[in-house]
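All remarks here apply to the structure that follows.
Only the coordinates and a few stated rules stand behind these numbers; no lab work does. The structure presented is a predicted model; accordingly, all values stated were derived computationally and were not measured. Using ideal geometry, Cβ is built from the backbone for each residue, glycine included, and neighbour counts are taken over all protein chains shown.
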Amino acid sequence: MRQFKGKFYVKEVYQRIAWAQYLQGQEQKAKATLQNLLRQGATQSDADKKAQRDALAGSLPHPLLLKARLLNDGGYNTEAFALLAGKSEDDFTQEAEKLEFAYRAARIQEDLGKTEEAIRNYKIAARKGEMRPEHFGARAALQLGMIYEARGQKDLAIVYYKKCLAMENHDYKDSLDQKAKAGIARCSGE
């Protein structure tokens, strides 16, 4: 990081380093890395903005949800699914964690080809996330739009793309809105 001259994604990289430290049981080191994040890089990308907001909040993600996310992001969907197996939103105390659980479960199910289960959980996440600052509700609505578009159910896809656009003040607003607008244009034949 010391030799990197760019400005984009610096904060996100520091966040990922902090997550690795946190999952290795080095919570104090992770918090120090998050403090470093606040002094480095810019907030021009959605990912850097989110990393900055998370660091300012001073909290680290729920370890189970973080592990599931990282496994899923890395393509280890079966392992991520096994990690969340037998869990429900009742296993989490904070509303943000319950929302993320529904989204993570849906995302993993979709990646494993369990589309009907994914739809059910995406709908839960979209409903729970409507008035929340996290991006999971908007992302769930976007994913539902993409699923319905792929199935040829363009009217229903547009409903969910518009639902994504209607959600305000969440992380990744710019990039998710751009994708939702593109989905509406495709479904409308524009």
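For the set K11/K128; K123/K162; K87/K179; K67/K163; K67/K173; K7/K67, the pairs lying more than 22 angstrom apart at their alpha carbons are K11/K128; K87/K179; K67/K163; K67/K173; K7/K67. Fewest neighbouring Cβ atoms within 10 Å first, the residues F4, F136 line up as F4, F136. Applying 1/(1 + (r/R0)^6) with R0 = 45 Å to the Cβ-Cβ distance of A185 and Q35, what FRET efficiency is obtained, to the nearest 0.05? With R0 = 45 Å, the Cβ-Cβ based efficiency is 0.60.
Placing dummy labels 7 Å off each Cα toward the beta-carbon, the span from K162 to S59 is 3.3 nm. Here V10, V159 are placed in order of increasing Cβ neighbour count within 10 Å, fewest first, which gives V159, V10. Once the C-beta distance of R151 and Q28 is scaled by a Förster radius of 41 Å, the resulting FRET efficiency is 0.25 to the nearest 0.05. Per residue, the Cα convex hull of region 1-60 amounts to 67 Å³. For the chain, adding -39500 (n - 2.57) for each run of n ≥ 4 DSSP H residues and dividing by the number of residues yields -22500 deg cm²/dmol at 222 nm. When we measure straight from the Cα of K50, which aspartates and glutamates land under 13 angstrom away, once same-chain ones fewer than 8 places off are left out? Once the sequence-local aspartates and glutamates are set aside, what remains near K50 is E12, E134, D171, D174.
Here region 26-102 is described by how far its Cα atoms reach on the three principal axes: 40, 28, 25 Å, from widest to narrowest. Overall, the anisotropy analysis places region 77-148 in the oblate class: the square-rooted eigenvalues a ≥ b ≥ c of its C-alpha gyration tensor yield a/c not less than 1.5, with a/b not exceeding b/c. Assign one of three labels to region 86-190, namely rounded, prolate or oblate, based on the Cα gyration tensor with a ≥ b ≥ c the square roots of its eigenvalues; rounded applies when a/c is under 1.5, prolate when it is not and a/b is larger than b/c, and oblate otherwise. Because a/c hits 1.5 or more and a/b fails to exceed b/c, region 86-190 counts as oblate.
By the beta-carbon count within 10 Å of each Cβ, the least crowded to most crowded order of M131, M167, M146, fewest first, is M131, M146, M167.
How much of the pair distance distribution for the chain lies past 21 Å, counting alpha-carbon pairs only, in percent? Value for the chain (Cα pairs over 21 Å): 55 percent.
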